[in-house]
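The values are calculated or read from the model by the stated rules, or taken from the named source; none is laboratory data. As the structure is a prediction and not an experimental result, all values here were calculated from the model. Because the Cβ atoms are built from the backbone with ideal geometry, glycine has one as well, and the counts that use them run over all protein chains shown.
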């Protein structure tokens with residue numbers, strides 16, 4: 001057996017074991033879905049080679065619909081069934097369905113495989129083990145990134161050798177991700193969670209503080225996971241997609257979405273927005289607006305079955321309207337640094353303004369219901385408690401200090417040209433790498449505890 005096949009067999013074994021540890025009950029559904037797309041890919045490729053593009057397209061549509069059924073059933077059945085019963089005035093009983101681990105992420109990976117084979121941009125793989133690794137790769141299974149088949153499958157068809165540079169880069173990313181998660185996200189969570197859960201009891205100033213900090217908490221949590229997944233993949237000899245590009249340096253919401261959860265944004269752009277935009281081209285820019293609205297409502301509901309997510313997506317779609325009508329949606333802003341490493345006041349104002357727009361959207365994202373979201377925002381003009389319990393104060397201070405480190409790192413990366421890893425992690429000298437890793441690990445262990453939170457995007 002060739003070495004890369006042994007490597008793939010090991011990765012698939014580890015991925016299946018990882019899935020079983022998380023939830024063995026859903027393994028049959030996962031395996032069945034993966035095998036469905038493996039067989040569908042072969043059939044689509046065979047039909048295309050015979051010139052039967054119409055039949056290939058039909059098989060693709062069937063595979064996409066069947067592949068989406070488990071996602072729709074497990075993730076949305078209870079929600080929409082309850083909403084329909086409420087509309088009809090009937091009583092509903094929730095089934096309390098368990099959500100299969102990573103279903104939103106591996107479903108999108110499999111869908112893109114079938115679509116790309118049908119488009120002729122990818123030859124179907126006959127290596128079922130490599131295909132299984134592509135679908136179930138354990139570092140990215142829980143919360144992405146959502147890798148494209150044309151990016152990952154060729155890597156799985158070649159032997160991976162131990163590479164010092166990839167090993168060091170991967171190790172730094174893993175440690176940095178753990179630092180972001182434990183020392184920033186989990187520490188800020190203690191404050192943010194209490195304020196959102198009991199917002200009626202707190203003063204307007206405390207509400208504003210929680211609202212301003214939540215996007216940073218979510219960023220540290222999700223980007224922290226992505227760093228760890230990317231880093232571990234590098235250590236295993238694989239390069240997976242980047243997922244974040246310093247999103248809070250964006251100067252408008254379009255740029256923000258090009259920098260935030262990039263693998264999901266690009267997936268929906270390629271497979272939803274662009275086809276819809278082409279279909280609506282007779283409507284000119286209003287067709288683009290309509291495609292944008294549909295795209296972002298899907299972005300919202302992809303996160304979960306709750307009207308808050310739908311409103312969250314619609315909110316961002318509406319923010320895109322002036323950019324689309326003004327022809328600025330795809331405009332890329334280039335930074336002009338002044339005094340070496342400083343940004344001009346106008347640029348900073350655009351960055352701050354964009355962040356405030358994001359804060360409003362994330363309030364909707366974080367709230368348990370739409371009325372709660374508006375209630376949270378209305379509490380800004382009311383009085384309430386201002387004194388925090390000691391344990392919350394300690395976590396908040398620790399989180400703010402560590403958050404400052406993340407901001408400095410992102411600033412340095414942006415200043416040096418926008419390459420991930422060019423900030424505080426830039427050094428390649430063995431002694432400096434060891435020192436940095438020791439410091440970050442020590443901080444992570446010191447601030448970590450049994451109360452460490454699960455990753456936010458794990459539930460999606």
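For the stretch 52-71, state whether one or more residues are modelled with pLDDT of 90 or more and in a loop (DSSP other than H, G, I, E, B). Looking for residues that are modelled with pLDDT of 90 or more and in a loop (DSSP other than H, G, I, E, B), one finds at least one in the stretch 52-71, hence yes. For residue 117, indicate whether it is assigned to a helix (DSSP H, G or I), touching a helix residue (DSSP H, G or I) at 6+ places or on another chain (Cβ under 6 Å) and either free of Cβ contacts under 8 Å to residues at least 24 places away in the same chain or more than 23 Å from residue 48 (Cα to Cα) (or both). Criteria not met by residue 117. With respect to the stated conditions, residue 90 is modelled with pLDDT under 80 and in the same structural domain as residue 26 (by TED's automatic domain parsing). Out of 290, 283, 268, I need the residue that is touching a helix residue (DSSP H, G or I) at 6+ places or on another chain (Cβ under 8 Å), more than 24 Å from residue 307 (Cα to Cα) and either crowded, with 19+ Cβ neighbours inside 10 Å or not assigned by TED's automatic domain parsing to the domain that holds residue 140 (or both). Which one? Going through 290, 283, 268 in turn, the sole match is 283.
Of the residues that make up the stretch 161-184, is at least one touching a strand residue (DSSP E or B) at 6+ places or on another chain (Cβ under 8 Å), touching a residue at least 60 places away in the same chain (Cβ under 8 Å) and not in a loop (DSSP other than H, G, I, E, B)? Among the residues of the stretch 161-184, not one is touching a strand residue (DSSP E or B) at 6+ places or on another chain (Cβ under 8 Å), touching a residue at least 60 places away in the same chain (Cβ under 8 Å) and not in a loop (DSSP other than H, G, I, E, B), which makes the answer no.
Residue-level check: of (1) surrounded by 13 or more Cβ atoms within 10 Å (Cβ to Cβ); (2) out of contact with any helix residue (DSSP H, G or I) (no Cβ under 7 Å at 6 or more places or on another chain); (3) within 30 Å of residue 155 (Cα to Cα), residue 81 misses just (3). Whether a residue is at pLDDT 90 or above and surrounded by fewer than 20 Cβ atoms within 10 Å (Cβ to Cβ) was assessed, and residue 48 does not pass this test. For residue 101, the stated conditions hold: it is under 21 Å from the mean Cα position of the chain (by Cα) and either assigned by TED's automatic domain parsing to the domain that holds residue 237 or assigned to a loop (DSSP other than H, G, I, E, B) (or both). Just to be sure before I move on: is residue 212 in contact with a helix residue (DSSP H, G or I) (Cβ under 8 Å, 6 or more places away or on another chain), more than 18 Å from residue 105 (Cβ to Cβ), at pLDDT below 95 and outside any loop (DSSP other than H, G, I, E, B) in the structure I sent? No. Annotation note: of 31, 65, 21, the sole residue that is out of contact with any helix residue (DSSP H, G or I) (no Cβ under 6 Å at 6 or more places or on another chain), closer than 14 Å to residue 102 by Cβ, in the same structural domain as residue 141 (by TED's automatic domain parsing) and exposed (fewer than 14 other Cβ atoms within 10 Å of the Cβ) is 21.
In the set 368, 439, 434, which member is under 28 Å from the mean Cα position of the chain (by Cα) and without any contact (Cβ under 8 Å) to a residue 40 or more places away in the chain? Testing whether each residue is under 28 Å from the mean Cα position of the chain (by Cα) and without any contact (Cβ under 8 Å) to a residue 40 or more places away in the chain leaves just 439. For the stretch 372-417, which residues satisfy the criterion of being free of Cβ contacts under 8 Å to residues at least 12 places away in the same chain and exposed (fewer than 12 other Cβ atoms within 10 Å of the Cβ)? Matches in the stretch 372-417: 387, 389, 390, 404, 417. Summed over the stretch 7-34, residues that are touching a residue at least 24 places away in the same chain (Cβ under 8 Å) and closer than 22 Å to residue 158 by Cα total 9. Against the condition part of a helix (DSSP H, G or I), within 19 Å of residue 210 (Cα to Cα) and touching a residue at least 60 places away in the same chain (Cβ under 8 Å), how does residue 353 come out, does it pass? Considered against the rule, which asks whether it is part of a helix (DSSP H, G or I), within 19 Å of residue 210 (Cα to Cα) and touching a residue at least 60 places away in the same chain (Cβ under 8 Å), residue 353 comes out as no.
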